[in-house]
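Peer 1: Structure below; questions to follow.
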Amino acid sequence: MRIICAPDSFKGSMTAPEAASIMARAARACLPDARTVELPIADGGEGFTEAVSSALDARIVPTRTHDQEGRPHDTAFGLVDTADGRVALLDVASTSGLELVPAGQRHVIAYSSRGLGELIGAALDTGAKRLVIGIGGSSTNEAGAGMLAALGVRFFDADGQDIEPTPDGLRGLAEVDASGIDPRLADVEVEVASDVTNPLLGPQGASAVYGPQKGADDEQVAELDRILAHLVEVCRSAAPGGRDATLVAQWPGAGAAGGIGWALQLFLGGRLRPGLELVAELAGLDEHLRDAGLLLTGEGSVDAQTCHGKAIHRLCEHASKAGVPVLVFAGRVGIDAGLLPGDVTLVQITPSGMPLDDALRRGPENLRLAVTGALGVLAEELSLRPARTGTAPPRAR
C-alpha cells in the first residue's frame, strides 16, 4: 500500500515536516510493506517555507534580513531547480511574523515588512525566475511599504525627504517613486499563497479585521485605515504597468498580510492563490494520490474553521476526487468527520484530560501512538482479509 503523509503543522508542538516524518515511520512500523511519501503542507503562514521546501526537497539558503522592528534577523528561503527554471520559496512570517512578537508587546504603528523585500532581493540574487511567497501570519499593517522600499521604491514627505515605510512614517506621505524598483522583478513570476479574501480598506479590510490582533486599538484601527487609503491615493500614478491602485485595493486578498497582498499585486504583478492549492500543484499532490491507498494528514486543531476552505478541508477534497480514504489526526477534534469531504476518519491524538502544556510537549509521542493505533487496526483487517486480485485497499473506518 502507498501511504501519503501530508500533515500541516501542529502549532507549538511540531512542524509539518516533523509530523510527516513521525507519521511515515509509524506507518512503516505497522505496515512493513507500505511505501510512504512525505508531503508536508502549509497554507502560506508560519512554517510555509520549511514545509514546502521539505516537500520539494529544496535546499535551504540562510539569509540575514531585518525583522518588523528593524533589528537584524536571521532567516532563510528555499530554492529548487525545475524544468521551467529556478523557484524560490519564501514567507513573510519568517521575517516579520506575528509570532515573533509577544501579544502584549505588539506596536503595529511602528512595524515594517522590509525583511520580506530583503528576502525577495536575496532570492533574485540566486537567479530565481519564480517566487512563491506565503503571506500568512504577518505582524505589519503598512500595505507592504517596507517590502517595496527594500526593493527600490521611495517614499517622500512634502519637503521631498525620505520617510520610514511604517504606518507612523506614512502619516506624512506626499509622493511615491517606483522608478527605482528592482528591474529583475519584470522578468519574474510571482505567486502568492494566501487564503485571505479581504480587500485592503474599509470594515472588511486589513486594518479593521486584522489590526486588533497586531496590537491596534479602535482608534489606531481607524487611523491605520486612513493611512492606507492615503497611500492608495498617492500610488494612483506610481504603480508600474499602468495598474490601478484603487482598483487593486478592492481585489480579494488585497488586505492579506496588512496589505502586502495589495503591494504584491500592484507593484510586482503577483497572483494570489489559495495556499493549499499552490502547494498541491508544486508538490504534485494529485499525481501522488493516483496510486495511493491511504492519506494521513493532521494539524493542531480540527474545528469549525477547518471547514471553511482551510488546508485540511482542501486536502480532503483532493483525496475524495482520487477515491483515497483519509485519516486526520489532530491535537483537538471539535467537529464530526461527516463535515469533511470524502471518506474521512478523525483521530484525536491528545488523551482526554491532558493539560495543554503537556499536550504540546508530548505532541510528537501522542501522534506516533495515535498513528500506530489507527494503522494497527488497519493492519489487522489486512491480515484477516483474503487477498483478491484487482481489489481496492480497505477503506479507513
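The values are calculated or read from the model by the stated rules, or taken from the named source; none is laboratory data. What you see is a predicted model, and the numbers here were worked out from it, not measured in a lab. Here the Cβ is made from the backbone with ideal geometry for all residues, glycine too, and neighbour counts use every protein chain on show.
Peer 1: Being loosely packed, with under 15 Cβ neighbours inside 10 Å and either at pLDDT 95 or above or of a type in the set (D, E, K, R) (or both) is the filter here; which residues of the stretch 231-242 pass it? I'd like the intermediate steps shown before the answer.
Peer 2: Our first condition is that a residue be loosely packed, with under 15 Cβ neighbours inside 10 Å; within the stretch 231-242, this holds for 233, 236-237, 241-242.
Selection gives GLU233, ARG236.
Peer 1: Got at least one residue in the stretch 311-332 being closer than 20 Å to GLU46 by Cα, out of contact with any Asp or Glu (no Cβ under 9 Å at 6 or more places or on another chain), in the same structural domain as ALA16 (by TED's automatic domain parsing) and not polar (S, T, N, Q)? Steps first, answer last, please.
Peer 2: Step one: filter the stretch 311-332 for residues closer than 20 Å to GLU46 by Cα, giving 311-315, 329-332.
Subset that is out of contact with any Asp or Glu (no Cβ under 9 Å at 6 or more places or on another chain): 313.
Remaining after also requiring in the same structural domain as ALA16 (by TED's automatic domain parsing): 313.
Next, only the ones that are not polar (S, T, N, Q) stay: 313.
Yes, some residue in the stretch 311-332 is closer than 20 Å to GLU46 by Cα, out of contact with any Asp or Glu (no Cβ under 9 Å at 6 or more places or on another chain), in the same structural domain as ALA16 (by TED's automatic domain parsing) and not polar (S, T, N, Q).
Peer 1: Also, quick follow-up: Examine the stretch 21-30 for a residue that is within 17 Å of the chain's Cα centre (by Cα) and either closer than 18 Å to HIS318 by Cα or buried (at least 24 other Cβ atoms within 10 Å of the Cβ) (or both), and state whether such a residue exists. So that I can check it myself, show each step before the final result.
Peer 2: Narrowing the stretch 21-30 to residues within 17 Å of the chain's Cα centre (by Cα): none.
No: zero hits.
Peer 1: Mind listing whichever residues of the stretch 152-181 are touching a Leu at 6+ places or on another chain (Cβ under 7 Å), among the aliphatic types (A, V, I, L, M) and in contact (Cβ under 8 Å) with a residue 60 or more places away in the chain?
Peer 2: Result: LEU170, LEU173, ILE181.
Peer 1: Does ALA42 satisfy the condition of being crowded, with 22+ Cβ neighbours inside 10 Å, of a type in the set (Gly, Ala, Ser) and in a loop (DSSP other than H, G, I, E, B)?
Peer 2: For ALA42, the condition - crowded, with 22+ Cβ neighbours inside 10 Å, of a type in the set (Gly, Ala, Ser) and in a loop (DSSP other than H, G, I, E, B) - is met.
Peer 1: To continue, here is another question. Please specify each residue of the stretch 363-397 satisfying the condition of being at pLDDT below 50 and either surrounded by 12 or more Cβ atoms within 10 Å (Cβ to Cβ) or β-branched (Val, Ile, Thr) (or both).
Peer 2: Those that are at pLDDT below 50 and either surrounded by 12 or more Cβ atoms within 10 Å (Cβ to Cβ) or β-branched (Val, Ile, Thr) (or both): THR389, THR391, PRO393, PRO394, ARG395, ALA396.
Peer 1: Taking strands (runs of 3 or more DSSP E) that do not extend beyond the stretch 62-179, which have at least 2 residues that are under 23 Å from GLY275 (Cβ atoms) and of a type in the set (Ser, Thr, Tyr)? Please lay out each step first, then the result.
Peer 2: Working: elements: 72-82, 85-91, 130-134, 154-156, 175-177.
It comes to 72-82.
Peer 1: For SER179, only one of the following conditions fails: (1) more than 19 Å from ASP74 (Cα to Cα); (2) modelled with pLDDT of 95 or more. What is its number?
Peer 2: So the condition that SER179 fails would be (2).
Peer 1: Oh, and also: Does ALA16 satisfy being without any contact (Cβ under 8 Å) to a residue 60 or more places away in the chain, closer than 23 Å to PRO364 by Cα and of a type outside the set (S, T, N, Q)?
Peer 2: Working: without any contact (Cβ under 8 Å) to a residue 60 or more places away in the chain: yes; closer than 23 Å to PRO364 by Cα: yes; of a type outside the set (S, T, N, Q): yes.
The answer is yes for ALA16.
Peer 1: Could you list, in sequence order, all residues of the stretch 83-96 that are touching a residue at least 24 places away in the same chain (Cβ under 8 Å) and surrounded by fewer than 23 Cβ atoms within 10 Å (Cβ to Cβ)?
Peer 2: Of the stretch 83-96, the ones touching a residue at least 24 places away in the same chain (Cβ under 8 Å) are 84-96.
ASP84, GLY85, ARG86, VAL87, listed by residue number.
Peer 1: Here is a follow-up. Testing ALA110 on (1) under 21 Å from LEU295 (Cβ atoms); (2) at pLDDT 95 or above; (3) of a type in the set (Gly, Ala, Ser), one condition comes back false. Which one is that?
Peer 2: (1)
Peer 1: Out of all the residues in the stretch 252-292, which are free of Cβ contacts under 8 Å to residues at least 12 places away in the same chain and either part of a helix (DSSP H, G or I) or farther than 14 Å from LEU315 by Cα (or both)?
Peer 2: Our first condition is that a residue be free of Cβ contacts under 8 Å to residues at least 12 places away in the same chain; within the stretch 252-292, this holds for 281, 284, 287.
Those that are free of Cβ contacts under 8 Å to residues at least 12 places away in the same chain and either part of a helix (DSSP H, G or I) or farther than 14 Å from LEU315 by Cα (or both): GLU281, GLU287.
Peer 1: Test of understanding: among ASP358, ASP343, ASP336, which residue is of a type in the set (D, E, K, R), assigned by TED's automatic domain parsing to the domain that holds ASP303 and closer than 21 Å to MET14 by Cβ? Before the answer, list the steps.
Peer 2: Numbers: ASP343 fails: closer than 21 Å to MET14 by Cβ; ASP336 fails: closer than 21 Å to MET14 by Cβ.
ASP358 is the lone residue from the list that is of a type in the set (D, E, K, R), assigned by TED's automatic domain parsing to the domain that holds ASP303 and closer than 21 Å to MET14 by Cβ.
Peer 1: Next question, about the same structure. Return yes when ALA257 is in the same structural domain as ALA149 (by TED's automatic domain parsing) and modelled with pLDDT of 95 or more and no when it is not. Quick ask: steps written out before the conclusion?
Peer 2: Details: in the same structural domain as ALA149 (by TED's automatic domain parsing): yes; modelled with pLDDT of 95 or more: yes.
The answer is yes for ALA257.
Peer 1: Considering each of PRO32, PRO7 in turn, give the residue that is touching a residue at least 12 places away in the same chain (Cβ under 8 Å), outside any helix (DSSP H, G or I) and within 28 Å of GLU380 (Cβ to Cβ). Step through it out loud before you land on a result.
Peer 2: Numbers: PRO32 fails: touching a residue at least 12 places away in the same chain (Cβ under 8 Å).
The match here is PRO7.
Peer 1: Another question, if that's okay. Go through (1) modelled with pLDDT of 95 or more; (2) within 23 Å of the chain's Cα centre (by Cα); (3) not acidic (Asp, Glu) and name the single condition THR350 misses.
Peer 2: Here THR350 meets the rest and fails (2).
Peer 1: Among the listed residues GLU46, GLU38, identify the single one that is in contact with a strand residue (DSSP E or B) (Cβ under 8 Å, 6 or more places away or on another chain) and farther than 19 Å from GLY331 by Cβ. Please lay out each step first, then the result.
Peer 2: Details: GLU46 fails: farther than 19 Å from GLY331 by Cβ.
Answer to the selection: GLU38.
Peer 1: Out of the stretch 127-161, which residues are surrounded by fewer than 24 Cβ atoms within 10 Å (Cβ to Cβ), of a type outside the set (Phe, Trp, Tyr) and over 23 Å from VAL61 (Cα atoms)?
Peer 2: Once the filter is applied, which keeps residues that are surrounded by fewer than 24 Cβ atoms within 10 Å (Cβ to Cβ), of a type outside the set (Phe, Trp, Tyr) and over 23 Å from VAL61 (Cα atoms), the stretch 127-161 yields ARG154, ASP157, ALA158, ASP159, GLY160, GLN161.
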